[in-house]
Amino acid sequence: MSSPSIGQYDEKTVDPFIRVRDLSKSFRAKTTITHALDSTSFDLQQGEFLSVVGPSGCGKSTLLMLVSGLTSPTTGTVEIGGRQVTSPISDVGIAFQEDLLLEWHSTLDNILMQGAFRGVSKRSLRDRATELLDMVGLAEFADKYPHELSGGMRQRASICRALVHKPPLLLMDEPFGALDAMTRDQMALDIQDLLAGTNTTVLFITHSIAEAVMLSDRVLVFGPPPGNIVDELVVDLPRPRHLSVRETPEFAAFSGRIRSRLEAMGVIRDRTAWASGTASAERN
C-alpha cells in the first residue's frame, strides 16, 4: 500500500484537519504489557500549533508516531484530511530531538535530501532551501558539513529539511531538548519566523511548559503514564510573540495553570512548599 497523501483535500469540507478518537497504544515484551497511551481524543485545525506537554513516559512521543502512521494503534483512529491513517503518511515534515543529519553531506545537501526521499529534483527545492537557511541565519554555512556546525545550527538545518517541501503538517518531537537555554530561545523565535505566513499545522511534543506556552495556539497536558489528556488550554497571547512575553502576567498565568495541574498529580513535587507547610503546621 502506498503512503497516503494529505496535501490535497478540500479545506471547506474537511474540518477538523486532524481527528484523533479513542486512541490507545500498548506494547508487549515477552510476558509484560506496557500501556503507553490510553483513550485519547482531540481535534486539530488546519494551521493550528498544538503542543503536548507532560512527564517522561506519558505517551507523548507515541502519540506523534501514531499520528504519522509510523506505528499502529491498539485501539482508536487517526484521520488526517478526512482519511484514516493506516500506514506512514507522506506530505509531512518531521523533526526529532536528534537532528539525524548525514555527516558526509553538506548542510544544503542534507536539506535537499527531501527531494531524494520524495522523487523530486534537488533543483526544484534549491531556492526554497536557500531561503530557509537564510531565515535561520545559516546561509553562510550552506557548504559546511554537520561536524562543523554547533548543536543549534544542526537542529535549525534539520527543521529546514522538514519544511523545505512545504508540508501541510509538521510533527516535532522534543526538537530543542538537547540544546542549551539560550539556543532554545533562539529556536523558538526561528520556528515562528519559519511558519509565519504559512498554513502549516504543527503537533509539537515537549517537556517544557514555557516552550509550549510560547509557541502554541493550544496546549494539551498529559498526566502520568499511561498517557491521556488531563487539561487543555487555549493560549490567546498575541502574535508574533517575542521573548519578553514570558515576563507578562498572562504568560505566567498560563504556565502556572499547567504547573499546578502537574503538581496536583504528583508529576512535579515542590519540596520547598511542602517543608514550608510542615513548618507552619508545627508552629500552630
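The values are calculated or read from the model by the stated rules, or taken from the named source; none is laboratory data. Since the structure is predicted, the reported quantities are computational estimates derived from the model, not experimental observations. Neighbour counts are summed over all protein chains in view; Cβ atoms, including those assigned to glycine, are modelled from backbone coordinates with ideal geometry.
Tabulated values for the structure
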item	result
Wholly within region 103-184, helices (runs of 4 or more DSSP H) carrying at least 3 residues that are within 28 Å of His207 (Cα to Cα) and of a type in the set (D, E, K, R)	151-163
Any hit, region 189-198, residues being modelled with pLDDT under 95, of a type in the set (Asp, Glu) and farther than 27 Å from Ser56 by Cβ	yes
Leading residue by the ranking (modelled with the highest pLDDT) among those in region 240-284 that are surrounded by 13 or more Cβ atoms within 10 Å (Cβ to Cβ) and not in a helix (DSSP H, G or I)	Arg241
Residue satisfying all of: in region 11-36; part of a loop (DSSP other than H, G, I, E, B) and farther than 24 Å from Thr201 by Cα; modelled with the highest pLDDT among these	Thr31
Residues that are touching a residue at least 12 places away in the same chain (Cβ under 8 Å) and either assigned to a helix (DSSP H, G or I) or acidic (Asp, Glu) (or both), drawn from region 37-66	Asp38, Asp43, Glu48, Lys60, Ser61, Thr62, Leu63, Leu64, Leu66
Residue within region 82-99 that is in contact with a helix residue (DSSP H, G or I) (Cβ under 7 Å, 6 or more places away or on another chain), buried (at least 17 other Cβ atoms within 10 Å of the Cβ) and without any contact (Cβ under 8 Å) to a residue 60 or more places away in the chain present	yes
Residue pairs meeting the criteria (Cβ under 9 Å; at least 6 apart or on separate chains; first touching a residue at least 24 places away in the same chain (Cβ under 8 Å) and surrounded by fewer than 20 Cβ atoms within 10 Å (Cβ to Cβ), in region 195-213; second part of a loop (DSSP other than H, G, I, E, B) and hydrophobic (A, V, I, L, M, F, W, C))	Ser208/Phe176
Residues located in region 160-201, provided they are charged (D, E, K, R) and closer than 15 Å to Gln97 by Cα	Arg161, Asp173, Glu174, Asp180, Arg184
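Conditions tested, residue by residue: (1) at pLDDT 95 or above; (2) under 17 Å from the mean Cα position of the chain (by Cα); (3) polar (S, T, N, Q).
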residue: Ser56; (1), (2), (3): no, yes, yes
residue: Ser61; (1), (2), (3): no, yes, yes
residue: Thr74; (1), (2), (3): no, no, yes
residue: Ile89; (1), (2), (3): no, yes, no
residue: Leu102; (1), (2), (3): no, no, no
residue: Thr107; (1), (2), (3): yes, no, yes
residue: Leu112; (1), (2), (3): no, no, no
